[in-house]
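Everything below concerns the one structure shown next.
Any read-out appearing in this document is the output of simple, stated calculations on the displayed coordinates, not a laboratory observation. This one's a predicted model, so the numbers in the text were calculated from it and none came from an experiment. Cβ placement follows ideal geometry from the backbone for every residue including glycine, while neighbour counts extend to all protein chains displayed.
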Amino acid sequence: MAELKHIPVMLKECVSALNVKSGGIYFDGTLGGGGHTRQILESSAPNGRVIATDLDDYAINRAKENLNEFGDRLTVVKSNFKNFSQVKDGLNINGFDGILLDLGVSSFQLDDRSRGFSYLADDEKLDMRMDASSPVSAETVVNDYKESELKRIISEYGEERFAAAIAHNIAEARKLCPITTVGQLNAIIEKSIPAKFKHDGHPSKRTFQAIRIEVNGELDGLYGTIIEMTRGLKKGGRIAILTFHSLEDRIVKQAFRELETDCICDKSLPVCVCGKKREAVIITKHPITAGEEELKINPRAKSAKLRVAERV
Ligand SMILES: C[S@@+](CC[C@H](N)C(=O)[O-])C[C@H]1O[C@@H](n2cnc3c(N)ncnc32)[C@H](O)[C@@H]1O
C-alpha cells in the first residue's frame, strides 16, 4: 500500500487554544496520524506528556513508530476515548492541562480503500470499522438492521431527505442477495435519489456518513464524555474539540453550555437550592474555522469547527 498521509486540521489553532506549556500533561483522544500529538509534545518540551488513545490499530502502530523520538513522554493506549476516566485513573493522573478531540475519520481510513469507508471504491467490501475487532461492520448494518432502523439512521445521521426510499430499496435488494460491496450499496442509493436532486455532491455521501456513524457509535455517549473529560481537567485546563458535521458540533455546543451554566434556581429564591455550579467557561463564543491558506492545502478542513472551553 502506498504511504498514506493525514494533514492535521487547524494545528496551530488547536495547540494555541490548549495553551500548551512546558511540563504540561495532555490527553489526545483521537491520535490518528499523530500530527496534533506531535505538536503538543514539541510545544510542551522538554518534559510535557501526552496520553493518546485511538481505536484503530493501523493509526496506533504508525503513530508509535513516528513519535518514537518522544520516548516515555508519550503514552499510547488502544481505547475508545469514551473510556477517558478509566484510562486516566489507570495511569494515576489527577488532572490534565489540556484535552483534544479531533472527531471522525482520518485520511488514512478514507484513503485506504480496503477499509470500505469511501464510496469511491466500488469493489471493496462494506466495512467502515475504525476498530477492526468490533463485531458490527457496515455490512451488518446494511443487511441485518430493520428497514425502519435504517431509515432513522440515514435520516438522522446523514440528514438525507431520501432516507425512506434508500432504506426501502436496501430492504428489497437484500431479499435477493446480501449487500456486501460498496458498489452494490452505491447502486441502490443512486436509484433511490431522483435525478434532479443528484447535484448536491456524490449521491452516496450522506448515507455513507450515516452508516459510518452507526458502525462506530460516533455520537453515542459523546455528550456525557465531554462533561466527564472537562471534569478531568485541572483548574484553568482547556478542552478543544474539532468537529466535521453539524450533529457533532451541536453536541459539543450543548455540552459546553451545560458546563457553563451556573445556578438555575428561580431568581426569587433567597438561596440556591439546585446546587448547579459553573464548571467551565466557553472560550469560543463562535467556533473557530480554518483560514484560506489552510483550505487551499487541505480540503478536509472545510467543514471543521473548533470549540474550546476552560475548566474553572
Ligand atoms: C480525524 S482523525 C485524528 C487525526 C489526528 N488528530 C492527527 O493529527 O493525525 C480521528 C482519529 O480518531 C480515531 N477515533 C475516532 N473516534 C474515536 C473514539 N471514540 N475513540 C478513540 N479513537 C477514535 C479514529 O480512528 C481516527 O484515527
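Of note:
- Legend: calculated FRET efficiency, Lys267 to Asp144, from the Cβ-Cβ distance at R0 = 41 Å, rounded to 0.05, equals 0.20.
- In this calculation the C-beta distance from Lys296 to Lys78 is compared with R0 = 51 Å, giving a FRET efficiency of 0.90.
- Sorted fewest first by neighbouring Cβ atoms within 10 angstrom, Thr37, Thr225 come out as Thr225, Thr37.
- Couplings for the stretch 149-156, taken from phi via the Karplus curve 6.51 cos²θ - 1.76 cosθ + 1.60 with θ = phi - 60°, read 5, 4, 4, 4, 5, 5, 6, 6 Hz in order; Gly and Pro are left as x.
- Percentage relative contact order, the chain, counting C-alpha pairs under 8 Å, at least six apart: 17
- With the simple spin-label model, which puts each label point 7 Å out from Cα in the Cβ direction, the Ser134 to Asn47 separation comes to 3.9 nm.
- Förster-model FRET efficiency, 22 Å R0, Arg152 and Tyr223, C-beta, rounded to 0.05: 0.70
- Subset of Lys88/Lys235; Lys88/Lys234; Lys78/Lys235; Lys21/Lys277; Lys146/Lys175; Lys151/Lys191 violating a 19 Å alpha-carbon distance limit: Lys78/Lys235; Lys21/Lys277
- Exposure proxy order (Cβ contacts within 10 Å, fewest to most) of Ser148, Ser204, Ser268, Ser133: Ser268, Ser133, Ser148, Ser204
- Charge dipole (Cα centre; +1 on Lys/Arg Cβ, -1 on Asp/Glu Cβ; no other charges) of the stretch 97-228 amounts to roughly 700 debye.
- Estimated dipole of the chain in Debye, rounded to 20 [Cβ of Lys and Arg +1, of Asp and Glu -1, Cα centre]: 820
- In the stretch 114-215, the ratio of gyration radius to Kirkwood radius, Rg to Rh, stands at 0.93 when only Cα atoms are counted.
- Site pair Lys234 and Val312 shows an inter-label distance of 2.1 nm when each label is modelled 7 Å from Cα along Cα→Cβ.
- Directionally averaged shadow of the stretch 13-171, computed from the convex hull of its alpha-carbon atoms, nm²: 11.0
- Put in order of Cβ neighbour count within 10 Å, fewest first, the listed residues Leu233, Leu247 become Leu247, Leu233.
- Here the simple spin-label model places points 7 Å from the Cα toward Cβ, and for Lys196 and Ala164 these points are separated by 1.8 nm.
- Dipole orientation for the chain: of the candidates Gly236, Asn19, Ala187, Gly236 has the Cα lying most toward the positive pole (charges on Cβ; Lys, Arg +1; Asp, Glu -1).
- Rh (Kirkwood; distinct C-alpha pairs) - the stretch 29-82, Å: 10.9
- Applying D = kT/(6 pi eta Rh) to the chain, where Rh is the Kirkwood radius over alpha-carbon pairs, T corresponds to 37 °C and eta to 0.692 mPa s, the Stokes-Einstein value obtained is 158 µm²/s.
- An ellipsoid equivalent to the stretch 155-217, defined through the eigenvalues of its Cα gyration tensor, has semi-axes of 17, 15, 11 Å when rounded to whole angstrom and sorted largest first.
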